Amino acid sequence: MTNIRDVAKMAGVSVTTVSRVLNKHPYVSKEKKAVVLEAIKQSNYQQNINAVHLSMGKTFLVGVVVPFIDHPYFALLMKGIANEALENNYKLVFFQTNYEEAREVEAFQMLKQKQIDALIICSRISCWPTIEEYKPYGPIILCEDTRGRNMSSTFVDHYKSFIFALEYLYHKGHRKIGYTIGRKTGTNTRFREMAYKDFLNNHNLPYESDYIFEHYLHFEDGEQVIERIKQMANPPSALLVTGDEVAAGIVTSAHYRNISIPDDLAIIGFNNQPIAKMMNITTIEIPLVEIGRQLFLQAIQEGKDVTYQEIPIKLIERKTV
C-alpha cells in the first residue's frame, strides 16, 4: 500500500510538502501542488484518516445515547442534533440502549478510548458515579437538569412545567388530576413526582395513587389507561400525559368507550408533536429540535466551561381541556 513517503518520492518533493497539499495548506506553489496531486492519482494513495485524526486530536465524531430511536420524542431530539452536526461537519454515532446500562457503558468506553470526541445522553440509565468516572475522558452532555453538578446540559425544568400544567387544570375547575409517565425511574420523573405532591399539598387535595399511570410510552398504551379509568369508582377528571403519542391513544380510545373529552376527562399532552395538532390535543410545547441543537453545540464547544441551557416551555391550548 502506498504511503506518504512513496508519494513524496514519486513527486520529487518532501513529505512535508505532500502533507501540506493533503491538508490544503495555502503556502504551496501551483507547480508543486500539481505534481503532488498527479503522484497521488497515479499511486492511488489513500490518506489514513485515523492518523489524521490522531494528529489533530479529534475524530469529528460525536456519540448520541438514546433509549429508543423510533420514539417520536427522541426522533425530534436526534433531528436537532443531526442538523447541527451537518452544519459543523461532524458525524454521529448512535447508541440505542433500551435503558440497558451495559449498552450505555459501551458508549462511555468509546469516549474513554478516544473513538468519539464527545457524548450526548438524551436519557440515561447510569447512576451519577458511573458518569463522573468517565467525565475526564471528554465532554458528556445531558438532556436533564444538571445544575449543582459539574456537567453541562440542555434541559426543560420539568418541575416548573408540571406545576404550570397542574395549576392550569386546577383553574379550569379540576380537583381530581392524575398523570402518566413513561418510566418510574429517572431525573425527570422524580421532578414531576415532586411537583405533583407539592401541588396537592398547596391545594389541600388528597393523594390518590391510582391516579398515577406508569410505563406508558406509545399510542397503543392509551387504551390501557382508559381501561383502568373505566374500572375506577372515583376516576380522575383530568390527566397530564407526558407524551403526545400516549395522549392521542387516550383520546382515541376514550371515543370508542363513550368517554367524552374534555367533559368526562380533560387531557394535556407534552411535546406538541404533529399528532397533537392533528387531533386538537392541548399540550405543553417542548421544542425538542432546538434542545437537540443546543446539546450538540455544547458537545463541540472548544472551551471546557460547564454550561446549563434551560429551554422555556409554552402551553398550546386546543380542544381537550
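Tabulated data for the structure shown
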{"read-out": "Filtered residue count, the stretch 280-321, keeping only those that are free of Cβ contacts under 8 Å to residues at least 40 places away in the same chain and hydrophobic (A, V, I, L, M, F, W, C)", "value": "1"}
{"read-out": "Meets criteria (more than 29 Å from Phe68 (Cα to Cα), surrounded by fewer than 20 Cβ atoms within 10 Å (Cβ to Cβ) and of a type in the set (Val, Ile, Thr)) for Ile316", "value": "no"}
{"read-out": "Residue that is surrounded by the fewest Cβ atoms within 10 Å (Cβ to Cβ) [pool: residues in the stretch 58-86 that are of a type in the set (Phe, Trp, Tyr) and touching a strand residue (DSSP E or B) at 6+ places or on another chain (Cβ under 7 Å)]", "value": "Phe60"}
{"read-out": "Sole residue being surrounded by fewer than 19 Cβ atoms within 10 Å (Cβ to Cβ), of a type in the set (Lys, Arg) and over 19 Å from the mean Cα position of the chain (by Cα), chosen from Lys114, Lys184", "value": "Lys114"}
{"read-out": "Single unsatisfied condition, Ile140 versus (1) without any contact (Cβ under 8 Å) to a residue 12 or more places away in the chain; (2) closer than 30 Å to Glu106 by Cα; (3) of a type outside the set (S, T, N, Q)", "value": "(1)"}
{"read-out": "Count of residues meeting criterion [free of Cβ contacts under 8 Å to residues at least 40 places away in the same chain, in a loop (DSSP other than H, G, I, E, B) and either surrounded by 18 or more Cβ atoms within 10 Å (Cβ to Cβ) or more than 31 Å from the chain's Cα centre (by Cα) (or both)] in the stretch 220-235", "value": "3"}
{"read-out": "Boolean, Tyr207 is surrounded by fewer than 15 Cβ atoms within 10 Å (Cβ to Cβ) and more than 16 Å from Ile267 (Cβ to Cβ)", "value": "yes"}
{"read-out": "Total residues in the stretch 87-111, condition in contact (Cβ under 8 Å) with a residue 40 or more places away in the chain and either over 29 Å from Phe219 (Cβ atoms) or surrounded by fewer than 20 Cβ atoms within 10 Å (Cβ to Cβ) (or both)", "value": "5"}
{"read-out": "Members of the stretch 251-272 that are in contact with a Phe, Trp or Tyr (Cβ under 9 Å, 6 or more places away or on another chain), crowded, with 20+ Cβ neighbours inside 10 Å and not in a loop (DSSP other than H, G, I, E, B)", "value": "Ile268, Phe270"}
{"read-out": "Sole residue being aromatic (Phe, Trp, Tyr) and over 27 Å from the mean Cα position of the chain (by Cα), chosen from Tyr256, Tyr196", "value": "Tyr256"}
{"read-out": "Every residue from the stretch 290-313 that is in contact with a helix residue (DSSP H, G or I) (Cβ under 8 Å, 6 or more places away or on another chain), surrounded by 16 or more Cβ atoms within 10 Å (Cβ to Cβ) and among the hydrophobic types (A, V, I, L, M, F, W, C)", "value": "Ile291, Leu295, Phe296, Leu297, Ile313"}
{"read-out": "Every pair of residues 6+ apart whose Cβ atoms lie under 8 Å, when the first sits in the stretch 200-216 and is part of a strand (DSSP E or B) while the second is at pLDDT below 95 and surrounded by 11 or more Cβ atoms within 10 Å (Cβ to Cβ)", "value": "Ile212/Ile181; Phe213/Ile181"}
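Here's the yes/no breakdown for (1) within 28 Å of Thr307 (Cα to Cα); (2) at pLDDT 95 or above; (3) of a type in the set (Asp, Glu); (4) not assigned by TED's automatic domain parsing to the domain that holds Gly269:
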position	(1), (2), (3), (4)
Asp145	yes, no, yes, yes
Phe162	yes, yes, no, no
Tyr168	no, yes, no, no
Lys172	no, yes, no, no
Thr189	yes, no, no, no
Glu193	yes, yes, yes, no
Leu205	no, yes, no, no
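The values are calculated or read from the model by the stated rules, or taken from the named source; none is laboratory data. Quick caveat, the model's predicted, so the values are computed rather than measured. Note: ideal-geometry Cβ built from the backbone for every residue, glycine included; neighbour counts use all protein chains shown.
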